[in-house]
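Taking it in order: structure first as structure tokens, then the write-up.
The values are calculated or read from the model by the stated rules, or taken from the named source; none is laboratory data. Small disclaimer: the values here were computed from a predicted structure and weren't measured. Positions of Cβ are generated from backbone atoms using ideal geometry, with glycine treated the same way; all protein chains shown enter the neighbour counts.
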Amino acid sequence: MAGKDLIEEAARLIAGAKNLVAFTGAGVSAESGIPTFRDPGGLWDRFDPYELGGGDIFSSIFRGSKIPASATTFVSEMLEVLEKAHPNPGHLALGELERMGILRSVITQNIDNLHREAGNTRVIEVHGNIFRLACLGCGSKIGLSREDLFELGRKLVGLLQKGDLQGLISLASRCWCGGICRLDVVGFGEPVQDMPQAVQEARRSDVFLILGTSGAVYPAAYLPEYAKSAGAKLIEINATGCYFQELVDVGIIGKTGEVFPRIVERVRELLEMD
Ligand code: APR
């Protein structure tokens, strides 16, 4: 359990921040029931990301014109957890900080849309968003409702189970330009999204939160260094350890869904005291 002094130190930094930016990873969504990637039993413990095209099944099918063996299980599992997932207290606390006018932006590696569902509006999704399609022809982005995504997902699983490659290709949505659309998620080896904007946010920050990420994937994992080099104070919250310990000013080992709401509650008290 995080000590009161670390909670206090983190809350004071946040309460005094002029440009607070949060950087999040899969750990923030773990308490919403979405498995992380590298924890024991995590997704990359059980599935080969390269076989699955880094998570975007359509691309790996179109590229390889074959259906990865583990695709059906992976897609079924992801759909099941996403359908049940809703923002947890860690997400909600970040939404609260934006409503309090303190949080400038959230830079996330997560594709689950939970920061937006928690009320954050300035969200930079460097690995994309599964509730969005991208046209391979003209690059247009098309939002998907939860219902649309889960309906598309159920059809996808049915076709995967039958090994119906033609059916899968005809399932791909069409853009107004006639182009084929894919899920707007970034696979391994694919260019990340909005990185210049994310770097600019990190460089502008005076307090930078690192929440629930192992820092295993670049270029996203460079962001804490950009913030540090710009003179920001760094606060890390992670359930199993401090992955940026050479950079952070406050390192808290704990679950974001438990620790972060306590910090935001203390921030509220400090600001009401001013
Ligand atoms: N609260 C805080 N931290 C947690 C929690 C929790 N409840 N549960 C797990 N964690 C921590 C783990 O200790 C781990 O350090 O979250 C981190 C999750 O790390 P990863 O599984 O590596 O996820 P992430 O850092 O987001 O991975 C980055 O890798 O595969 C790609 O595209 C994928 O966006 C992902 C990227």
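Structure notes:
- Of all the residues in region 79-105, those that are outside any loop (DSSP other than H, G, I, E, B) and either in contact (Cβ under 8 Å) with a residue 40 or more places away in the chain or at positive phi (or both) number 16.
- Index of the failed condition, ILE67 passing every other in (1) in a helix (DSSP H, G or I); (2) among the hydrophobic types (A, V, I, L, M, F, W, C); (3) more than 16 Å from the ligand (Cβ to nearest atom): (1)
- Scanning region 240-262 for residues that are more than 10 Å from the ligand (Cβ to nearest atom) and assigned to a strand (DSSP E or B) turns up VAL250, GLY251.
- Residue within region 13-33 that is charged (D, E, K, R), modelled with pLDDT of 95 or more and more than 16 Å from the ligand (Cβ to nearest atom) present: yes
- If you check ILE253, ILE263 for being modelled with pLDDT of 95 or more and closer than 17 Å to ALA17 by Cα, only one passes: ILE263.
- Subset of region 194-223 [in contact (Cβ under 8 Å) with a residue 60 or more places away in the chain and more than 12 Å from the ligand (Cβ to nearest atom)]: ASP194, MET195, GLN197, ALA198, GLU201, ALA202, ARG204, SER205, ASP206, VAL207, PHE208
- Test: residue in region 156-177 that is surrounded by 14 or more Cβ atoms within 10 Å (Cβ to Cβ), hydroxyl-bearing (Ser, Thr, Tyr) and within 18 Å of SER65 (Cα to Cα): yes
- Residue pairs whose Cβ atoms lie under 7 Å apart, separated by 6 or more positions or on different chains, with the first residue in region 20-44 and assigned to a loop (DSSP other than H, G, I, E, B) and the second charged (D, E, K, R) and near the ligand (Cβ under 6 Å from one of its atoms), are GLU31/LYS255.
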